[in-house]
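Enquirer: This is the structure I want to talk about, given as structure tokens.
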Amino acid sequence: MRLGCHLSIAKGFAHAVKTAPSLNANAFQYFTKNPRGFRTAKPLDRVDAERGRALMREMNLVAVGHTPYLINLASPDEGLYQASIEALVQDLLIAEARGSYGVVVHCGKPKDHGRDFGIERMQAALQSVLAQSRTEGVKILIENTAGQGSEIGTELPELLAIVDPFSVDDVGICLDTQHAFAAGVLSRENPEDFPGFHDTTFMKRLNAIHLNDSKVEFSSHKDRHALIGQGYLGLDGIARLVNDPRLAEIPFYLETPVESEAQYAEEIAAVRALLDAP
Ligand SMILES: [Zn+2]
Ligand SMILES: [Zn+2]
């Protein structure tokens with residue numbers, strides 16, 4: 001099983017690569033740039049990227065980047081929309097240099113323009129990004145949302161509609177378990193009933209799972225992660241997910257609210273302890 005967590009690259013990408021195995025992670029996620037900003041603080045360190053990339057190969061790790069939260073690919077505001085496109089192009093190039101197979105981006109917020117506007121706006125943005133970036137081996141991974149405010153991509157039909165025009169090699173899906181739980185589409189009692197797991201198109205696109213417990217109740221439409229076993233999805237819900245044979249090939253990434261990176265070792269151990277004996 002591929003299981004890892006979100007790691008800081010403040011000390012460089014290669015440093016994060018070396019940290020992962022010490023936490024018993026064989027996959028990790030990192031922010032492509034400051035999560036609250038748009039611009040990279042420094043230009044990409046190509047030597048560091050190449051070193052990290054070689055180490056990843058050596059240690060059999062996989063990685064994905066995560067875009068900053070300000071990106072809104074469905075924004076009705078032209079300035080923010082164009083900046084979002086530009087930022088995602090840059091992120092794909094960064095991820096390619098770092099040997100990462102994907103870049104996770106949240107579904108957009110069309111404000112009061114509605115769902116159909118949002119879907120079309122996102123599709124036009126993705127088209128433009130792919131035409132500009134021309135990266136190889138890096139997919140844009142669209143993440144489902146909890147449905148806060150005007151967020152789209154909460155339910156399966158919307159997610160599938162957004163990604164539909166694109167090749168599975170270019171655009172995939174990242175499923176966040178907390179968002180799906182808070183959206184009311186994935187339950188603690190029967191997480192295996194989540195409609196996506198029964199949909200071949202969705203499963204073909206599913207390239208990453210954000211494995212998070214939920215600080216808020218089912219269907220509360222809030223994005224609030226909890227430590228593994230300390231939320232409403234609970235150890236039983238999480239156990240059913242990580243033992244689901246349909247998800248055996250999909251990397252799991254923890255984004256739980258740890259106090260330090262070292263604590264991810266405990267989080268990863270807690271998940272591994274849930275795995276059924278082979
Ligand atoms: Zn997530
Ligand atoms: Zn979240």
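Enquirer: For the stretch 227-236, state whether one or more residues are within 16 Å of ligand 2 (Cβ to nearest atom), out of contact with any helix residue (DSSP H, G or I) (no Cβ under 8 Å at 6 or more places or on another chain) and part of a helix (DSSP H, G or I).
Expert: No; the residues of the stretch 227-236 include none that is within 16 Å of ligand 2 (Cβ to nearest atom), out of contact with any helix residue (DSSP H, G or I) (no Cβ under 8 Å at 6 or more places or on another chain) and part of a helix (DSSP H, G or I).
Enquirer: For the stretch 248-264, indicate whether the set of residues that are closer than 20 Å to Gly196 by Cα, under 20 Å from the mean Cα position of the chain (by Cα) and surrounded by fewer than 16 Cβ atoms within 10 Å (Cβ to Cβ) is non-empty.
Expert: The answer is yes; a qualifying residue exists.
Enquirer: Look through the stretch 186-197, keep the residues that are away from ligand 1 (no atom under 15 Å from the Cβ) and not in a helix (DSSP H, G or I), and return whichever of them is nearest to the chain's Cα centre (by Cα).
Expert: Once the filter is applied, the top-ranked residue is Phe194.
Enquirer: Would you check if there is a residue in the stretch 140-147 being more than 29 Å from Gln230 (Cβ to Cβ) and touching a helix residue (DSSP H, G or I) at 6+ places or on another chain (Cβ under 8 Å)?
Expert: yes
Enquirer: Could I ask something else about it? Could you pull out the residue among Gly147, Gly172, Gly153 that is assigned to a strand (DSSP E or B), of a type outside the set (Lys, Arg), in contact (Cβ under 8 Å) with a residue 12 or more places away in the chain and buried (at least 17 other Cβ atoms within 10 Å of the Cβ)?
Expert: Gly172
Enquirer: I'd like to verify a number: residues in the stretch 198-230 that are under 21 Å from Gly102 (Cβ atoms) and within 17 Å of the chain's Cα centre (by Cα), how many?
Expert: Narrowing the stretch 198-230 to residues under 21 Å from Gly102 (Cβ atoms): 199-212, 223, 225.
Still in the running and within 17 Å of the chain's Cα centre (by Cα): 202-212, 223, 225.
So the answer is 13.
Enquirer: Sticking with this structure for a sec: Please enumerate the residues belonging to the stretch 110-152 that are of a type in the set (Gly, Ala, Ser), modelled with pLDDT of 95 or more and closer than 20 Å to Ile209 by Cα.
Expert: The answer is Gly137, Ala146.
Enquirer: Within the stretch 203-241, how many residues turn out to be of a type in the set (A, V, I, L, M, F, W, C) and either crowded, with 19+ Cβ neighbours inside 10 Å or in contact with a His (Cβ under 8 Å, 6 or more places away or on another chain) (or both)?
Expert: Matching residues across the stretch 203-241 total 8.
The values are calculated or read from the model by the stated rules, or taken from the named source; none is laboratory data. Note that the structure is predicted; figures quoted are calculated from it, not measured. Quick reminder, even Gly has a Cβ in these numbers, built from the backbone with ideal geometry, and neighbours come from all protein chains shown.
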